[in-house]
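**Student:** Here you go, one structure.
Readers should treat all values here as calculations from the given coordinates under stated rules, not as data from a laboratory. These numbers were taken from a predicted model, which means no experiment stands behind them. Heads up, the Cβs are rebuilt from the backbone with ideal geometry, glycines too, and the neighbour counts pull from every protein chain shown.
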Amino acid sequence: MSLRINHIMFSGHLGDTPEIRYTHGGSAYAKFSVAINNDKKNRSTESWDKDTIWVKVTAWGDMAERVGENCQKGDSVVVLGRLDQGEWTDDQGNKRNHPSVNAFNVQKEKSSEGALSSAGA
């Protein structure tokens with residue numbers, strides 16, 4: 001039996017203000033993007049270049065409501081979740097995919113007021 005772990009934890013800034021929506025069954029969810037800035041040293045110029053990775057995140061249930069009520073564009077957050085892969089078909093009929101994260105927990109970093117805790121945790 002092999003051990004399989006699918007957890008991801010990262011920090012960054014919200015690229016947009018999360019909006020709470022509801023499924024047909026009444027479950028709350030919030031989708032938002034988080035920008036992760038990585039500084040990389042350019043060996044030829046000896047300067048630091050900024051490399052930004054955008055991560056699509058979905059929070060569910062009570063966590064989605066807390067994120068939607070307490071977080072705004074630009075807030076610094078820490079996200080703990082499960083890595084998933086979304087799939088869609090582009091205008092030319094090609095299948096495309098992108099990584100995304102289903103959040104277990106989203107917390108504002110200490111520079112922002114009030115930490116958010118996950119439901120039931």
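**Student:** Which residue, Asp91, Asp39, Asp62, has the most motion in a Gaussian network model of the chain that connects Cα atoms within less than 10 Å?
**Tutor:** Maximum fluctuation in the GNM of the chain, among the listed residues, is at Asp91.
**Student:** Most exposed first by the Cβ proxy, i.e. fewest other Cβ within 10 Å, how do His7, His13 rank?
**Tutor:** Details: His7 10, His13 16.
By the 10 Å Cβ count, ascending: His7, His13.
**Student:** Could you work out the relative contact order of the chain? I mean the mean sequence separation of Cα pairs under 8 Å and 6+ apart, divided by the number of residues, in percent.
**Tutor:** Values: 263 pairs, mean separation 31.7, N = 121.
Rounded, it is 26 percent for the chain.
**Student:** Kindly provide the helix-only [θ] at 222 nm of the chain, computed as the sum of -39,500 (n - 2.57) over DSSP H runs of four or more divided by all residues, to the nearest 500 deg cm²/dmol? The partial results should precede the final answer.
**Tutor:** Working: 1 runs with 10 residues, N = 121.
Per the formula, -2500 deg cm²/dmol.
**Student:** Next question. State, to one decimal in nm, how far the label point of Asp62 lies from the label point of Leu80, with both points 7 Å from Cα in the Cβ direction.
**Tutor:** Output for this residue pair reads 1.5 nm.
**Student:** Are there trypsin sites (Lys or Arg not before Pro) in the stretch 12-73 that DSSP puts in a loop and that have at most 15 other Cβ atoms within 10 Å, and which ones? Display every interim value, and only then the final one.
**Tutor:** Working: sites: Arg21, Lys31, Lys40, Lys41, Arg43, Lys50, Lys56, Arg66, Lys73; in loops: Arg43, Lys73.
Passing sites in the stretch 12-73 are Arg43, Lys73.
**Student:** Identify all aspartates and glutamates with a Cα-Cα distance to Lys108 below 20 Å; exclude those on the same chain that are fewer than 8 residues away in sequence.
**Tutor:** Asp16, Glu19, Asp62, Glu65, Glu69, Asp75
**Student:** Shifting gears a bit: Pairs Lys41/Lys95; Lys40/Lys95; Lys73/Lys110; Lys41/Lys110; Lys31/Lys95: which exceed 24 Å Cα-Cα?
**Tutor:** Lys41/Lys95; Lys40/Lys95; Lys41/Lys110
**Student:** Next up: Between [x] 0.99; [y] 1.22; [z] 2.14, which entry matches Cα Rg over 2.2 N^0.38 Å as derived from the coordinates of this structure?
**Tutor:** [y]
**Student:** In nm, what is the difference between 0.36 nm times the number of residues separating Asn102 and Glu69 and their Cα-Cα distance? Mind showing how you got there, number by number?
**Tutor:** On the way: separation 33, 0.36 × 33 = 11.88 nm, distance 1.83 nm.
Length gained, Asn102 through Glu69: 10.1 nm.
**Student:** May I ask you to sort Val57, Val106 by Cβ crowding, counting other Cβ atoms within 10 Å and putting the fewest first? Please report the intermediate quantities before stating the final value.
**Tutor:** Working: Val57 23, Val106 29.
Listed from fewest to most nearby Cβ atoms, that is Val57, Val106.
**Student:** In the stretch 44-108, what GluC sites (Glu not before Pro) fall in a loop by DSSP, with at most 13 other Cβ atoms inside 10 Å? Walk me through the intermediate numbers first.
**Tutor:** On the way: sites: Glu46, Glu65, Glu69, Glu87; in loops: Glu46.
Here the sparse-neighbourhood loop sites are Glu46.
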